[in-house]
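Worksheet: the structure to be examined is printed underneath.
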Protein chains: 2
Amino acid sequence: MKLATALKYVNKDIQRVEKKIKNVTKAESSMIQSASNHLLTAGGKRIRPIFVLLASRFGQQNQERIIDVAVALELIHMASLVHDDVIDHSMVRRGKPTVNKQWDNGTAIYTGDYIFARTLELLKPFKNHRLHTVLSNTIHQLCVGEIEQIRDKFQLKQNHFTYFKRIKRKTALLIESSTQMGAIASETDRSVEYLLKDYGYNIGMSYQIMDDILDFTSTEKELGKPVGSDLLNGHITLPTLYAMKDDQEVLGGVQAYFNEQEYHLTIEDVIHRIKHSHAIEKSYNISQRYLEKANQTLEQLPNNEPKKYLDDIAQYLSKRRF
Amino acid sequence: MKLATALKYVNKDIQRVEKKIKNVTKAESSMIQSASNHLLTAGGKRIRPIFVLLASRFGQQNQERIIDVAVALELIHMASLVHDDVIDHSMVRRGKPTVNKQWDNGTAIYTGDYIFARTLELLKPFKNHRLHTVLSNTIHQLCVGEIEQIRDKFQLKQNHFTYFKRIKRKTALLIESSTQMGAIASETDRSVEYLLKDYGYNIGMSYQIMDDILDFTSTEKELGKPVGSDLLNGHITLPTLYAMKDDQEVLGGVQAYFNEQEYHLTIEDVIHRIKHSHAIEKSYNISQRYLEKANQTLEQLPNNEPKKYLDDIAQYLSKRRF
């Protein structure tokens with residue numbers, strides 16, 4: 001598989017990232033230690049570090065700083081996941097019990113805060129103020145996105161615009177920052193930095209839309225959580241938006257579920273209906289459109305090895321279907 | 001009252017702090033806006049900003065930066081309170097419904113995250129790396145203190161050492177940082193900075209112990225929450241530690257309450273018993289000892305107007321009894 005070779009290319013550095021994450025989250029308190037470790041070993045694809053590392057190969061390689069940027073972005077992602085799981089009352093993530101399930105909500109909230117605080121300490125020594133600017137803006141927007149997600153929960157009055165704005169803040173910006181900060185940390189030309197940033201944004205959007213599709217089309221085993229979890233938790237994503245527009249039954253079913261009213265379709269029926277509707281295809285096409293934009297951006301970048309791997313990732317994502 | 005004159009002395013700057021807090025927490029999202037505003041108007045004594053401002057008068061006054069430091073410390077305090085209220089299921093703070101009560105836990109968690117993120121953006125332009133070092137260490141320790149507080153909740157196996165370490169992290173360090181960062185931002189001599197830092201630490205410890213006493217000796221109306229809330233929430237503070245040591249009935253009552261067992265005293269009886277025990281006096285003496293240390297530190301500072309006001313605050317705190 002093509003992704004594997006991209007991973008192999010940065011594998012040594014990913015090992016360093018893993019080690020550093022473990023080090024940074026090391027804590028005097030055994031409780032934080034266990035909770036962070038629990039999070040850490042739950043794994044994840046380390047997509048953000050991979051993007052930082054690949055982007056950094058376009059510039060001068062000041063290894064330690066680049067590793068730190070990669071670690072920081074992964075930690076922020078982890079911290080936001082812990083808080084998300086509390087809010088969604090999620091019991092399982094990647095097949096393992098969540099921190100709020102294994103311990104309690106309080107531990108999960110403070111563990112998130114702690115990881116966040118450690119990230120700040122990690123980045124403090126960086127002299128390049130643009131790294132700080134990009135990162136703090138991203139964290140700011142991420143928080144806004146998270147609050148919007150709560151505001152929009154169980155709300156029927158949403159449109160494509162609300163959805164795109166939200167996933168931009170919740171996902172795409174952090175991927176965009178990964179490629180951009182990798183470029184800044186390795187001091188690439190500004191034009192290369194902007195292309196990498198643009199690639200990251202489009203990949204991030206495409207990725208999140210695919211994730212929202214897979215929430216319907218994948219299996220419980222693969223997802224590590226029930227099929228249709230987003231909708232069950234009151235989150236309206238792109239497939240649901242399309243399906244509600246096309247199919248009165250879906251609209252009625254979602255409406256009834258959100259308002260706790262009776263309806264002749266259960267929410268499981270509605271999920272099944274969305275899964276087998278054209279909404280999936282339509283959403284997929286949008287995801288592909290972002291991927292094409294990412295590819296167009298890639299074409300403008302200098303031809304080198306890391307570019308080949310960024311291309312591989314784009315290819316891989318386009319095949320992540322169903 | 002003496003505190004009023006200290007307040008009057010920095011009043012103009014406190015107004016600027018208030019205005020800036022409002023500005024910083026201004027958000028595109030109306031939900032964050034309302035939640036932050038709600039927090040903001042719930043007021044608070046703005047103790048941390050007052051300490052920043054008074055400490056800064058020992059050095060050169062670069063007004064804007066000092067205001068920003070004051071705002072940052074108050075915001076971090078606010079962010080940590082929102083998360084605390086979620087964890088303690090608190091419904092009321094300062095006589096107003098908490099964010100988790102008025103909205104929900106999710107909104108409260110993300111509002112805390114958001115305020116925290118905004119604080120980072122505020123401090124980003126500061127070139128003085130010691131401001132960042134002090135602050136990020138304080139935030140780190142604050143998070144550790146918060147997690148320890150959960151770990152120690154409903155735990156009988158605690159001693160004075162656990163308690164002092166916890167309140168240092170939870171309270172004293174943020175007050176210590178207020179005076180120290182006020183000094184750093186106004187570029188005082190290093191010796192003055194360390195004295196101010198030391199004063200802040202001792203005042204912070206004294207203040208928290210008094211707060212823990214008042215939780216027993218004050219009225220529900222004054223506290224804005226039930227008398228004995230700490231113990232009801234499973235937090236063992238200094239008066240409880242002393243009372244459990246001196247009085248088998250208190251020990252038995254707390255034990256039974258924590259283990260949800262039957263006992264001939266209700267937890268309300270236990271709270272009443274602690275309130276009228278020598279444990280209060282003993283705790284008060286410890287608080288006074290920290291205050292004396294703060295006063296001794298003050299004596300070594302140059303004689304000037306702000307010093308008089310720091311002294312007033314110490315005097316005021318010593319009379320905050322019962």
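Please return the ranges of helices (runs of 4 or more DSSP H) entirely within region B:185-261 where 1 or more residues are touching a Ser or Thr at 6+ places or on another chain (Cβ under 7 Å) and aromatic (Phe, Trp, Tyr).
On the way: elements: B:190-217, B:220-223, B:229-232, B:238-246, B:248-258.
Here the list reads B:190-217, B:238-246.
Filtering region B:29-59 down to residues that are outside any helix (DSSP H, G or I) and at pLDDT below 90, which residue is farthest from B:Tyr316 (Cα to Cα)? Even if it seems obvious, please write down each step before you answer.
In the first step, residues of region B:29-59 are kept if they are outside any helix (DSSP H, G or I); the result is B:29, B:42-46, B:57-59.
Okay, now just the ones that are also at pLDDT below 90, so B:29, B:42-46.
Details: B:Ser29: 40, B:Ala42: 23, B:Gly43: 20, B:Gly44: 17, B:Lys45: 13, B:Arg46: 15 Å.
Per the criteria, the residue is B:Ser29.
Of the set (1) assigned to a loop (DSSP other than H, G, I, E, B); (2) touching a residue at least 40 places away in the same chain (Cβ under 8 Å), all apply to A:His264 but (2). For A:Lys127, the conditions (1) in a helix (DSSP H, G or I); (2) over 23 Å from B:Asp85 (Cβ atoms) are fulfilled apart from (1).
Could you look through region A:39-80, keep only residues that are more than 24 Å from A:Ala294 (Cβ to Cβ) and under 13 Å from the mean Cα position of the chain (by Cα), and pick out the one that is nearest to the other protein chains (Cβ to nearest Cβ)? Out of the qualifying residues, it is A:Ala79. Using the structure shown, decide if B:Glu176 is away from chain A (no Cβ under 14 Å), on the phi > 0 side of the Ramachandran plot and either surrounded by fewer than 24 Cβ atoms within 10 Å (Cβ to Cβ) or part of a helix (DSSP H, G or I) (or both). Considered against the rule, which asks whether it is away from chain A (no Cβ under 14 Å), on the phi > 0 side of the Ramachandran plot and either surrounded by fewer than 24 Cβ atoms within 10 Å (Cβ to Cβ) or part of a helix (DSSP H, G or I) (or both), B:Glu176 comes out as no.
Residues in region A:131-156 that are surrounded by fewer than 17 Cβ atoms within 10 Å (Cβ to Cβ) and either modelled with pLDDT under 90 or touching a Leu at 6+ places or on another chain (Cβ under 7 Å) (or both): A:Thr133, A:Asn137, A:Lys153.
Residue by residue through region B:129-167, note down the ones that are away from every other protein chain (no Cβ under 13 Å) and closer than 20 Å to B:Met205 by Cα. Spell out how you get there, then give the answer.
First, the residues of region B:129-167 that are away from every other protein chain (no Cβ under 13 Å): B:156-161, B:163-164, B:167.
Those that are away from every other protein chain (no Cβ under 13 Å) and closer than 20 Å to B:Met205 by Cα: B:Gln158, B:Asn159, B:His160, B:Phe161, B:Tyr163, B:Phe164, B:Ile167.
When the residues of region B:283-302 are filtered to those that are under 18 Å from the mean Cα position of the chain (by Cα) and not polar (S, T, N, Q), which remaining residue is nearest to B:Leu195 (Cα to Cα)? Only one residue fits best here, namely B:Ala294. All conditions in (1) surrounded by fewer than 19 Cβ atoms within 10 Å (Cβ to Cβ); (2) under 30 Å from B:Ala55 (Cα atoms); (3) at pLDDT 85 or above; (4) not hydroxyl-bearing (Ser, Thr, Tyr) hold for B:Lys101, with the sole exception of (2). Within region B:233-256, is even one residue modelled with pLDDT under 95 and among the charged types (D, E, K, R)? The answer is no, given that none of the residues of region B:233-256 is modelled with pLDDT under 95 and among the charged types (D, E, K, R). When region B:81-97 is limited to residues that are within 20 Å of A:Thr107 (Cβ to Cβ) and more than 7 Å from every other protein chain (Cβ to nearest Cβ), the one that is surrounded by the fewest Cβ atoms within 10 Å (Cβ to Cβ) turns out to be B:His89.
For region A:81-105, name all the residues that are in a strand (DSSP E or B) and more than 15 Å from the chain's Cα centre (by Cα).
From region A:81-105, those in a strand (DSSP E or B) are A:92-93, A:96-97; that's our starting set.
Residues satisfying the conditions are A:Val92, A:Lys96, A:Pro97.
For region B:112-128, a residue qualifies if it is among the hydroxyl-bearing types (Ser, Thr, Tyr) and more than 7 Å from chain A (Cβ to nearest Cβ), and exactly one does: B:Thr119. When A:Ile66, A:Ile109 are screened for being within 18 Å of A:Ser178 (Cα to Cα), of a type in the set (Val, Ile, Thr) and out of contact with any strand residue (DSSP E or B) (no Cβ under 6 Å at 6 or more places or on another chain), only A:Ile66 passes. Go through region A:211-261 and give me each residue that's surrounded by fewer than 21 Cβ atoms within 10 Å (Cβ to Cβ) and among the hydroxyl-bearing types (Ser, Thr, Tyr). Selection gives A:Thr217, A:Ser218, A:Thr219, A:Ser229, A:Tyr257.
Condition test on A:Glu74, is it assigned to a helix (DSSP H, G or I), acidic (Asp, Glu) and either surrounded by 22 or more Cβ atoms within 10 Å (Cβ to Cβ) or at pLDDT below 80 (or both)?
Numbers: assigned to a helix (DSSP H, G or I): yes; acidic (Asp, Glu): yes; either surrounded by 22 or more Cβ atoms within 10 Å (Cβ to Cβ) or at pLDDT below 80 (or both): yes.
Considered against the rule, which asks whether it is assigned to a helix (DSSP H, G or I), acidic (Asp, Glu) and either surrounded by 22 or more Cβ atoms within 10 Å (Cβ to Cβ) or at pLDDT below 80 (or both), A:Glu74 comes out as yes.
Here A:Glu187 meets each of (1) of a type outside the set (A, V, I, L, M, F, W, C); (2) modelled with pLDDT of 90 or more; (3) farther than 24 Å from A:Leu53 by Cβ with one exception, condition (3).
Within region B:18-28, restricting attention to residues that are within 12 Å of another protein chain (Cβ to nearest Cβ) and crowded, with 17+ Cβ neighbours inside 10 Å, the residue that is modelled with the highest pLDDT is B:Val24.
To keep it simple, each residue is scored yes or no on (1) of a type in the set (Val, Ile, Thr); (2) part of a helix (DSSP H, G or I); (3) modelled with pLDDT of 95 or more; (4) under 30 Å from B:Ala183 (Cα atoms).
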position	(1), (2), (3), (4)
B:Glu281	no, yes, yes, no
B:Ala294	no, yes, yes, yes
B:Gln315	no, yes, no, yes
B:Arg320	no, no, no, yes
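Condition test on B:Ile109, is it at the interface with another protein chain (Cβ under 8 Å from one of its Cβ atoms) and under 29 Å from B:Lys26 (Cβ atoms)? In short, yes.
Quick check on region A:96-137: of everything there that is among the polar types (S, T, N, Q) and in contact with an Asp or Glu (Cβ under 8 Å, 6 or more places away or on another chain), which residue is farthest from A:Val71 (Cα to Cα)? Even if it seems obvious, please write down each step before you answer.
Of all residues in region A:96-137, those among the polar types (S, T, N, Q) come to A:98, A:100, A:102, A:105, A:107, A:111, A:119, A:128, A:133, A:136-137.
The next check asks that each one be in contact with an Asp or Glu (Cβ under 8 Å, 6 or more places away or on another chain); those that pass are A:98, A:100, A:136-137.
Values: A:Thr98: 21, A:Asn100: 23, A:Ser136: 15, A:Asn137: 18 Å.
If we take residues in region A:96-137 being among the polar types (S, T, N, Q) and in contact with an Asp or Glu (Cβ under 8 Å, 6 or more places away or on another chain), then A:Asn100 is farthest from A:Val71 (Cα to Cα).
How about region A:190-210: which of its residues are surrounded by fewer than 19 Cβ atoms within 10 Å (Cβ to Cβ) and in contact (Cβ under 8 Å) with a residue 24 or more places away in the chain?
First, the residues of region A:190-210 that are surrounded by fewer than 19 Cβ atoms within 10 Å (Cβ to Cβ): A:190-192, A:194.
Of everything in region A:190-210, just one residue is surrounded by fewer than 19 Cβ atoms within 10 Å (Cβ to Cβ) and in contact (Cβ under 8 Å) with a residue 24 or more places away in the chain, namely A:Val192.
The values are calculated or read from the model by the stated rules, or taken from the named source; none is laboratory data. Note that this is a predicted model, so its numbers are computed, not measured. Neighbour counts are summed over all protein chains in view; Cβ atoms, including those assigned to glycine, are modelled from backbone coordinates with ideal geometry.
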